[in-house]
Structures are given as structure tokens and as C-alpha cells.
Amino acid sequence: ISRASARQRAGRAGRTQPGKCFRLYTEQSFHKDLQETTHPEILRSQMSSVVLTLKKLGIDDLVHFDFMDPPAPETLMRALEQLNYLGALDDEGDLTEVGLQMSELPVDPPLAKMLLVSPEYNCSLEIIAIVAMMSVPQVFMRPKEQAKLADEAKAQFINADGDHQTLLTVYQCYEVIPEHDRKNWCWDNYIHERSMLQACKIRMQLLGTLRRLDVPLVSIANDASASYNIRMALTCGMFMQVAHLTRDQTYLTVKDNQVVHIHPGSILNKQKPTWVLFDEFALTTQNYIRTVTVTQVDWLVELAPHYFVLENFPECEARAELELAYRKLAHSRRKK
């Protein structure tokens, strides 16, 4: 919060009738700790969605585009690079057919890519539900005074392969509950009802958009390979958000080599898989990664060789594993 935001919030009190505003900080903190104005949203957000929209509108000269608050050129370059890795832009920076479809979807580009490739793995309905659940606030409640009961309720939804499929399980369980019983079901299972209602609306919107784009809507429910296929589809979109477990049992993000920890709320917090992909990087008391799923180094080199180029990697344990995976992939292709 900034001083300008605080003044605006105080102005809400007394607008229609007499009221008071109670500030939960000291006057000294107001003047010394708070910045004068809030940084514009465009300077705090990822630019890939903005760049994709501008490209769709035919605006190619992004550096000289008249932004109200221009982002740093490096930020624009990172966004262009990410879109190129996702296949939304070609090497000339022009919008591809996949990029045009991605620009129609109201989600971040990595999630849009997951949705578009999911029919190849026969799991588009599952990925739609996962993306909808990723697009809403935290669905699990954990009140301090009932933490044990909340953890027991969450345990019934856990999928050992990660948080994304755990969210899918929650949605699938919620969906089969009669509408008039859903409120009580959420209360009994420590689930935020508002988040679930919002996820349902997002899912319906995504279904409508994908139908309009002629993307096949298929399901892999009750198939033995369901977890494998879903994780492959997730890896297709989130291969740039990967961390690797080192010998000293800490995680390093791939390429950036930042030390991160799996968030305590993740079901993988105590399992320590070798390779994980994550949805969110959160900086609190430590660098945490949230919404985490197990992936495999073999999948990374198979699905995104254009990103995992060994020449771009510093010497590290992850590079050694990637080199081994590339050799295995080359050997398997020679056998075929």
C-alpha cells in the first residue's frame, strides 16, 4: 500500500454517511515506510500477455509504442523471448498460428499453450479444470484453530504427483456434488466456496473459447496413463518454470540458478522429487515455489529442446542430467 492508496481508502469512510477509518500502522510508519504512490500495474506484471495482445493488434514496434508507463526494454525482450519459446512468435517476431489462438484465451501464455496442446495427450477437459483452478485464489482453508482437521480434509484429495492434479481432484469431487449440497460440502471439507464458484465460471468461459477455436475437447478420466498425460501437457506449457534438486537437498531454478524451497502448503514439500515444475514464485521469508508438480528431465529435453540448449547453461548438476537425457534421447531415436 502507498500513501496515495491510504488516502483514497480513508476517503471511502464518510462518503454516504458519517464514518471512521482505522489504520493498522503508526503515523510515523505512514510517513517513513510507505511510498508516495503505487507503482503502475504494468511495471509490476509479466509482459508476455500484453505483448501477445499488441502483436495480435498488429503493433510490431513495441519499443517505441506509446505506453503510459513504459516498461524497461529488458522486460519487453524477456516477454518476446518467452513467447518465442512457447511457439507464439516465430524467429522474426511475427505471430504464429499457435500464437493467434493463444491470444484468444483469457489466461497467461504458458497456460494457453497447455490448453492448446492438451488434446494431443487426450486430456483437454482435465487441463481446462486445472487452469480454471489455478486462476482463482487459494481453494484450501486452514484456520489455525482447526489446522489438523483442515489437513485431514485436504489429505483425501491429495495426488502424489503434485498440486495441479490435487486441484483437479478437488474440482472433480465438487462437480459431482448436487448444487444444493455444494455449500455444505465446501464447509465440511475446508474448501473456499467462492473460489470454486469462480473456477466453474472460468471453466465455462474456457470451454466456450476452445469450442470456438475448434480445439477437441477430450477426457482421459479413469485411464491408467492419466497422470502421465496430464503432466506431459503441463510440461509443454511450464517448461520455463522448472527447479532441480541438488545434492545438498536444496532446489535451484533452471537457468537462473536461484535457491528456492517448495512451499509448506504443497503436497510435495516433504517428498523432494528431483525435477519439479511450478506455477508461482513467492518471496516471503524465503524464496518459495507454489503449485508444484513432478516432472522428468527426459520430458524436458523431448518437449522443449529449443529452451534446454546446453550451451546456455552454466556448469551445474542440472546440466549434467540434461546432457545424460539428451544422450538417452539420441540413442532411443537411433534404435527406431
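Here is a yes/no grid of residues against (1) out of contact with any helix residue (DSSP H, G or I) (no Cβ under 6 Å at 6 or more places or on another chain); (2) surrounded by 19 or more Cβ atoms within 10 Å (Cβ to Cβ):
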residue: K56; (1), (2): no, no
residue: L62; (1), (2): no, yes
residue: D66; (1), (2): yes, no
residue: D69; (1), (2): no, no
residue: A72; (1), (2): yes, no
residue: M77; (1), (2): yes, no
residue: G93; (1), (2): yes, no
residue: V98; (1), (2): yes, no
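Looking at (1) crowded, with 19+ Cβ neighbours inside 10 Å; (2) in contact with an Asp or Glu (Cβ under 9 Å, 6 or more places away or on another chain); (3) of a type in the set (V, I, T); (4) farther than 21 Å from Y121 by Cα, which is the only condition I230 fails?
(4)
What are the residues in the stretch 153-196 that are assigned to a loop (DSSP other than H, G, I, E, B) and open to solvent by less than 10 Å² (accessible area, probe 1.4 Å), if any? Talk me through it step by step, then tell me what you get.
Start the filter on the stretch 153-196 by keeping residues that are assigned to a loop (DSSP other than H, G, I, E, B), which leaves 156-161, 176-178, 189-190, 192.
Passing the criteria: only F157.
Does the stretch 23-37 include one or more residues that are open to solvent by less than 50 Å² (accessible area, probe 1.4 Å), touching a residue at least 24 places away in the same chain (Cβ under 8 Å) and closer than 30 Å to E302 by Cα?
no
Within the stretch 254-280, count every residue that is free of Cβ contacts under 8 Å to residues at least 12 places away in the same chain and open to solvent by less than 70 Å² (accessible area, probe 1.4 Å).
Matching residues across the stretch 254-280 total 1.
Within the stretch 124-152, how many residues turn out to be among the hydrophobic types (A, V, I, L, M, F, W, C) and surrounded by 23 or more Cβ atoms within 10 Å (Cβ to Cβ)?
Within the stretch 124-152, residues that are among the hydrophobic types (A, V, I, L, M, F, W, C) and surrounded by 23 or more Cβ atoms within 10 Å (Cβ to Cβ) number 8.
Residues checked against (1) at pLDDT below 95; (2) not acidic (D, E):
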{"position": "H263", "(1), (2)": "yes, yes"}
{"position": "L268", "(1), (2)": "yes, yes"}
{"position": "P273", "(1), (2)": "yes, yes"}
{"position": "E280", "(1), (2)": "yes, no"}
{"position": "T284", "(1), (2)": "yes, yes"}
{"position": "N287", "(1), (2)": "yes, yes"}
{"position": "V294", "(1), (2)": "no, yes"}
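Could you list, ordered by first residue, the pairs with Cβ atoms under 9 Å in which the first is in the stretch 1-18 and closer than 14 Å to F30 by Cβ and the second is among the basic types (K, R), at least 6 apart or interchain?
Between residues of the stretch 1-18 that are closer than 14 Å to F30 by Cβ and residues that are among the basic types (K, R), the close pairs are I1/R9; A6/R23; R9/R23; A10/R23.
Hey, any hits in the stretch 111-123 for a residue that's buried (at least 24 other Cβ atoms within 10 Å of the Cβ), over 17 Å from the mean Cα position of the chain (by Cα) and under 30 Å from Q156 (Cβ atoms)?
yes
What pairs can you find where one residue is in the stretch 317-336 and modelled with pLDDT of 90 or more, the other is part of a helix (DSSP H, G or I) and not hydrophobic (A, V, I, L, M, F, W, C), and their Cβ atoms are less than 6 Å apart, with a gap of 6+ or different chains?
Once the first residue is modelled with pLDDT of 90 or more and sits in the stretch 317-336, its partners that are part of a helix (DSSP H, G or I) and not hydrophobic (A, V, I, L, M, F, W, C) give A325/D298.
Give the number of residues within the stretch 281-331 that are of a type in the set (V, I, T), within 30 Å of L168 (Cβ to Cβ) and open to solvent by 40 Å² or more (accessible area, probe 1.4 Å).
Qualifying residue count, the stretch 281-331: 2.
What are the residue pairs meeting all of these: first residue in the stretch 158-182, first residue touching a residue at least 40 places away in the same chain (Cβ under 8 Å) and charged (D, E, K, R), second residue open to solvent by 10 Å² or more (accessible area, probe 1.4 Å) and outside any loop (DSSP other than H, G, I, E, B), Cβ atoms under 7 Å, and 6 or more apart or on different chains?
D161/S227; D161/R231; D161/V294; D163/T291
With within 22 Å of the chain's Cα centre (by Cα) and open to solvent by less than 80 Å² (accessible area, probe 1.4 Å) as the only criterion, which of E81, E104 stands out?
E104
The values are calculated or read from the model by the stated rules, or taken from the named source; none is laboratory data. Model, not experiment: these values are computed from the prediction. Heads up, the Cβs are rebuilt from the backbone with ideal geometry, glycines too, and the neighbour counts pull from every protein chain shown. For accessibility, only protein heavy atoms count, side chains too; no ligands or nucleic acids. Shrake-Rupley method; radii C 1.70, N 1.55, O 1.52, S 1.80 Å.
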